[in-house]
Amino acid sequence: MSDTGIGIAEEERQKIFNPFYSTKFVGRGLGLCAVLGIVNGHKGCIRIQSTPGQGSTFTVLLPADTKAPVLSASRGNVEVIYAGPHCVLVIDGNSMSQKVTVRILSRLGYTVLHAATLENAASLLRDKSKAIHCVLLDHALGQALVEKQIEELRHACNGTPLLLATDLEKQEFHRLYGHFGFSDFLEKPLRVAALAAKLSALIGK
């Protein structure tokens, strides 16, 4: 679907799939979120191509074979939301934020496992019957990360990407935890498009 309207700015493209986000005075901001959920339910993805002042094109891609993962990347002003049959392990001791993260990942088409502690997560990672493709560790503000514990978690990951979601800004993250060996980090609050892009890049490597 294409139009010749005002287009969508880069900062807006990072938010438009978030629930209740809208730039209009009317509406609930659930339309695109619902569309993304339906498309992901069919193991598909949505590609956005938009140039401010020239318009936007939304393309829905559906796999011919549901067993085949749909992997894609971002280039220039083309943004692809990832969806595919992969598993993400969420580590979060806060049950409320954990539920939100699990719900977002499920809507993106991922199978989700969750653990409240690093020890429980390590046990799940060592269980070879569960194929885990990425680990998402939620870091609460004011919570100190212990290097030895993260090292043990990375050892259990055995090459599986370890993504840190944190309230820290980029510079502060690198100062405090840049040497901990995380695969990447993501600033909170989590945005659907940003999370999807990070996971796509990490799992697709």
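The values are calculated or read from the model by the stated rules, or taken from the named source; none is laboratory data. None of the values given here were measured: they were computed from a predicted structure. Counting neighbours? That spans all protein chains shown, and the Cβs are built from the backbone with ideal geometry, glycine included.
Can residue 95 be described as surrounded by fewer than 17 Cβ atoms within 10 Å (Cβ to Cβ), of a type outside the set (Lys, Arg), assigned by TED's automatic domain parsing to the domain that holds residue 192 and under 16 Å from residue 199 (Cβ atoms)? Talk me through it step by step, then tell me what you get.
Working: surrounded by fewer than 17 Cβ atoms within 10 Å (Cβ to Cβ): yes; of a type outside the set (Lys, Arg): yes; assigned by TED's automatic domain parsing to the domain that holds residue 192: yes; under 16 Å from residue 199 (Cβ atoms): no.
Criteria not met by residue 95.
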For region 186-202, does any single residue satisfy the condition of being farther than 20 Å from residue 15 by Cβ and over 18 Å from the mean Cα position of the chain (by Cα)?
-> no
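Being more than 11 Å from residue 87 (Cα to Cα) and either of a type in the set (S, T, N, Q) or surrounded by 15 or more Cβ atoms within 10 Å (Cβ to Cβ) (or both) is the filter here; which residues of region 110-127 pass it? Lay out the reasoning, then the answer.
Step one: list which residues in region 110-127 are more than 11 Å from residue 87 (Cα to Cα), which gives 115-127.
Of everything in region 110-127, those that are more than 11 Å from residue 87 (Cα to Cα) and either of a type in the set (S, T, N, Q) or surrounded by 15 or more Cβ atoms within 10 Å (Cβ to Cβ) (or both) turn out to be 115, 117, 118, 120, 121, 122, 123, 124, 125.
Scan region 116-126 and tell me whether some residue there is assigned to a loop (DSSP other than H, G, I, E, B), over 28 Å from residue 38 (Cα atoms) and of a type in the set (A, V, I, L, M). Let's see the steps before the verdict.
Residues of region 116-126 assigned to a loop (DSSP other than H, G, I, E, B): 116-117.
Checking which are over 28 Å from residue 38 (Cα atoms) leaves us with 116-117.
Filter again for of a type in the set (A, V, I, L, M), leaving 116.
Within region 116-126, one or more residues are assigned to a loop (DSSP other than H, G, I, E, B), over 28 Å from residue 38 (Cα atoms) and of a type in the set (A, V, I, L, M).
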From the set of residues in region 135-157 that are modelled with pLDDT of 90 or more and assigned to a strand (DSSP E or B), which is nearest to the chain's Cα centre (by Cα)?
-> 136
Count - residues of region 1-31 that are modelled with pLDDT of 75 or more and over 22 Å from residue 190 (Cα atoms) | 7
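A quick yes/no check of all residues on (1) over 30 Å from residue 20 (Cα atoms); (2) part of a loop (DSSP other than H, G, I, E, B):
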| residue | (1), (2) |
| --- | --- |
| 159 | yes, yes |
| 165 | no, no |
| 176 | yes, no |
| 186 | no, no |
| 194 | no, no |
Would it be correct to say that residue 202 is closer than 19 Å to residue 90 by Cβ, of a type in the set (A, V, I, L, M, F, W, C) and in contact with a helix residue (DSSP H, G or I) (Cβ under 9 Å, 6 or more places away or on another chain)?
-> no
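One line per residue, one yes/no per condition, for (1) under 25 Å from residue 31 (Cα atoms); (2) at pLDDT below 65; (3) under 16 Å from the mean Cα position of the chain (by Cα):
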| residue | (1), (2), (3) |
| --- | --- |
| 53 | yes, no, no |
| 85 | yes, no, yes |
| 91 | no, no, yes |
| 105 | yes, no, yes |
| 108 | yes, no, yes |
| 116 | no, no, no |
| 133 | no, no, yes |
